[in-house]
Amino acid sequence: MGLLDFVKSAGEKIFGGDDEKKAPTPEAKAQVRASALVKHVQLMNIPFKKLDIKVTGDSTVLLGGEVAEQEHSEKIALTVGNVEGVAKVDNNMIVSAPKPEAKYHTVVSGDTLSKISKAVYGDPMKYEAIFEANKPMLKHVDKIYPGQVLRIPVL
């Protein structure tokens with residue numbers, strides 16, 4: 001899947017807790033952040049066989065491990081990438097049943113799922129496909145924000 005870019009200042013706020021503040025070195029801080037990202041993926045209930053997350057520098061995440069389906073690999077990458085403080089995700093997960101990779105869209109001000117659907121598919125009513133492709137990260141069709149990266153599935 002390779003390298004994905006994200007807006008570092010956008011996303012869910014999961015970093016900055018007491019454990020991270022107490023980390024004595026940058027390496028310890030990176031380990032705390034990696035642990036927080038693993039927990040974040042687990043909360044989303046995205047299936048994986050094995051998950052390895054490393055944080056390098058202060059904003060790049062390296063993903064390793066194995067999943068059964070391409071969709072799961074992409075959702076894990078988006079789950080960790082759509083976190084405030086993450087600028088890049090290098091996804092090197094092994095997929096047992098690889099399929100063509102989805103496209104991605106970075107939300108800009110004024111975007112709606114219908115507007116994105118019209119631009120991508122030529123039909124605003126296919127927004128539901130985008131919504132479903134981004135569950136469980138998306139909980140409501142109207143809850144997207146600028147800087148968020150979304151999966152755009154092949155129909």
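The values are calculated or read from the model by the stated rules, or taken from the named source; none is laboratory data. Note that the structure is a prediction, hence the values are computed from the model and not measured. Note: ideal-geometry Cβ built from the backbone for every residue, glycine included; neighbour counts use all protein chains shown.
Here is a yes/no grid of residues against (1) closer than 16 Å to LEU4 by Cβ; (2) at pLDDT 95 or above; (3) in contact with a helix residue (DSSP H, G or I) (Cβ under 9 Å, 6 or more places away or on another chain):
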site: ILE53; (1), (2), (3): yes, yes, yes
site: ASN92; (1), (2), (3): yes, yes, no
site: ALA97; (1), (2), (3): no, no, yes
site: LYS103; (1), (2), (3): yes, no, yes
site: THR112; (1), (2), (3): no, yes, yes
site: LYS115; (1), (2), (3): no, yes, yes
site: ALA119; (1), (2), (3): no, yes, no
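For the range 36-54, check the following and say yes or no: at least one residue is polar (S, T, N, Q) and without any contact (Cβ under 8 Å) to a residue 40 or more places away in the chain. It would help to see each step written out before you state the result.
Taking the range 36-54 as the starting set, the residues that turn out to be polar (S, T, N, Q) are 42, 45.
Narrowing the set further to residues that are without any contact (Cβ under 8 Å) to a residue 40 or more places away in the chain leaves 42.
The answer is yes, given that some residue of the range 36-54 is polar (S, T, N, Q) and without any contact (Cβ under 8 Å) to a residue 40 or more places away in the chain.
Kindly state which helices (runs of 4 or more DSSP H) lie completely within the range 16-135 and contain at least 3 residues that are assigned by TED's automatic domain parsing to the domain that holds PHE6 and surrounded by 13 or more Cβ atoms within 10 Å (Cβ to Cβ). Walk me through how you get there before you give the answer.
Details: elements: 18-22, 26-43, 70-81, 113-121, 127-133.
Result: 26-43, 70-81.
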